[in-house]
Every structure is written in structure tokens, then in C-alpha cells.
Amino acid sequence: MSNITNEGLILACSAIGAGIAMIPGVGPGIGQGIAAGLGANAVGRNPGARGTIMSTMLLGQAVAETTGLYGFAVAIILMFANPLLGKL
Amino acid sequence: MIIGNVCNVGLLAAAAGTTEEVTFGVDGLWSYELFGQTLWITTSHVSLVIVMLVIIAFAVIANRVIKKADPNEVPGTFLNIIEMAVEAVDSLTKSNMGEKGYKFSNYIGTLFLFLITANLSGLFGLRPPTADYGTTLGLALITFILIHYNGFKYEKFGHITKLFQPVLLTPINIIGELATPMSMSLRLFGNILSGTVMMGLIYGLLPMLLQVFIWPLFGVLHGYFDVFSGLIQSYVFCMLTMVFIAQTFGDEEG
């Protein structure tokens, strides 16, 4: 146990942190699924408005995706541009 | 600080000697000194220049074809495609921004053309320029400036007093205004970068021999990550730009 270097500890914990930082992917998945389901529902009720429904749905899904991408950005920073290593 | 770090992902990965085959970071090609800082010409710059050359060549050819067009004859395939694209952008702008926003169709068309070419450049072995935070932040800042220029133009002083509308919510309003370019740029950057990272990981995962046998898998994945995701994100970026600018026009349109 005594031969863990400081750098190795930070790298290991950053890898775990990057994994945890991807948990926000759950939220956008649920949200986009709900939006797509309601979009399909709306097309079923009113097939004529397919184009408008499609573009509104895509816009809403893209906005809902933002929080997941924040998590992704944190994970990428922890994996490849670790700011904590510079603090040693 | 963080932005600089993300842009230098490839440099750090190369310095650590971690990844030889899996390369999806921004790699520096040449370095130069400016005002005591070491700056890099990276792969993003190279693919950005290639994308710009492609767009310029397309524009020059399209210009020639349009100038030579004879109204009495049936237009050719290329001319038809150009006309369809211009009409599509015009009608999209008109339906989202109204008559007042029709003059923005130039900018929206340029943005669309650039984003589509940049996002699809991953198919040709380039690193997409939009997978670099510098590019997307620049585009989002142009939108930010356009929003506030038009806000002052159409709402005059009301554009500032709007921020203090419920006095208690002033900080939230200001943060909301500042978050617009951040979220727009991060959305485009994150989507394209995640596609690049996924493709890089999958290419690095499998040995070369196996990659030859299961090429349909790569075709499907490129179709999803590069084509589908890239087109959707360029559409969304243009759509959000139009919606945000059209908000400042107020109720008088119609």
C-alpha cells in the first residue's frame, strides 16, 4: 500500500471522477425519450404538422442535452487535461 | 484556463505518452512565440483552412454557374441544387424571424454552410474544426453580439431595463444572458467532440486486421456520429441563433 505515488493517486481518483461525471447522461436520455415519445404522439394526432413538430422536437431535445454535455466536458477535462496534476 | 487546457488535450496526451494510436485530441504541428507566449498551429487550424478552401471553391464555382445561367433554358443539376439550398435557407429564415429578419438569411446561410462542411469533415479523416472549443466559442460570440446589437437597435433603452424587470431576479437575468453563448458553444463542441472521441476509441479498440472485416460497423457509426449528429447540431445552432435574434424584434412584427 505504501508505494502509491501522489501522482498515481490523483490519476486514479480522476479516472473514477470522470466516470462519476458522466452520470448526468441519464437525465438528457430520459428527457429526450419523453420529447421523442410526445413528438410521435403529436404526429399521430396531426400528421399534417409533421415538419413543425419535428423541428420543435429536435430543438427541445438539443436544449435538453446541454446538461449532459456539461458532464461530458468535465469528464474530458479530468481525463485528458487534468488541472489537479498541476497542483502537486 | 480550462479552455486552454481543453484545446491542448492532444498535447498533454502526447506528453504523457499515453496514446500512440488513439488520437482524437488537438495535435500541435508548429509552435511559434508571440509576446512571450508559446502558441501552436494545431490540426484544428489545418482542417479549418481546408474547410474554408472547400467553401471558397464552392462559392466561386456557384457564382460562375449562376452568372452564366440562361433564363430561357432548363437549369442544370448543380444550378438546381444551389437554387433549392438558397430557397430553403430563405424560407427557414422567413418562417422563424418574420419579414424583419429576412436580411439575416445571408448570415444564417453562411453559418449553415460552414457548420455542415466543418461537421462532415470528420468523414474525410480531418479533425472537425468544431471539435475545438475556440471555433464554437467564436461562432457563439458572433451570435451574442448580434443579439445585443439588435436588442439595442429595436428595443432601445428597454433592452437594459428588461434585465431589472422583477428587481429580485436581476442576478439570474444577467447570468441567463451570459449563459447563452456558453451553452450554445458547449452544445456544438460537446456533440462533435463526443463523436470524435467515440470514433477514436472504437478505432483504437480494434486491431487493424479486424477493422477491415467489420467495416459496415464503422460505416454505421460514422453515419450516426458524423453525418446525423453533425447535421442536427448545425441545424440546431442556426435555429437557436435565429430564435434568439428574433426575440429582440419585439411584438411589432406581424
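The values are calculated or read from the model by the stated rules, or taken from the named source; none is laboratory data. What you see is a predicted model, and the numbers here were worked out from it, not measured in a lab. Note: ideal-geometry Cβ built from the backbone for every residue, glycine included; neighbour counts use all protein chains shown. Heavy atoms of the whole protein, side chains included, go into the accessibility calculation; ligands, DNA and RNA do not. Shrake-Rupley method; radii C 1.70, N 1.55, O 1.52, S 1.80 Å.
For the reader, a short list of remarks on this structure follows.
- Residue in the range B:233-250 that is modelled with pLDDT of 90 or more, under 25 Å from B:Tyr107 (Cβ atoms) and either open to solvent by 70 Å² or more (accessible area, probe 1.4 Å) or not in a helix (DSSP H, G or I) (or both) present: no
- Filter result (open to solvent by 20 Å² or more (accessible area, probe 1.4 Å) and at the interface with another protein chain (Cβ under 9 Å from one of its Cβ atoms)) within the range B:179-194: B:Ser183, B:Leu186, B:Ser194
- Lone qualifier among A:Ala75, A:Ala49 - being within 18 Å of B:Asn191 (Cα to Cα) and out of contact with any Ser or Thr (no Cβ under 8 Å at 6 or more places or on another chain): A:Ala75
- Any chance B:Leu139 is within 16 Å of the chain's Cα centre (by Cα), surrounded by 19 or more Cβ atoms within 10 Å (Cβ to Cβ) and within 25 Å of B:Gly250 (Cα to Cα): yes
- Selection count where residues are open to solvent by less than 40 Å² (accessible area, probe 1.4 Å) and among the β-branched types (Val, Ile, Thr), scope the range A:44-88: 4
- Screening B:Glu155 on (1) of a type outside the set (Phe, Trp, Tyr); (2) open to solvent by 40 Å² or more (accessible area, probe 1.4 Å); (3) touching an Asp or Glu at 6+ places or on another chain (Cβ under 9 Å) shows it passes everything except condition (3).
- Candidates A:Gly39, A:Gly33, A:Gly19: the one that is touching a helix residue (DSSP H, G or I) at 6+ places or on another chain (Cβ under 6 Å) and either more than 12 Å from every other protein chain (Cβ to nearest Cβ) or closer than 19 Å to B:Phe228 by Cα (or both) is A:Gly39.
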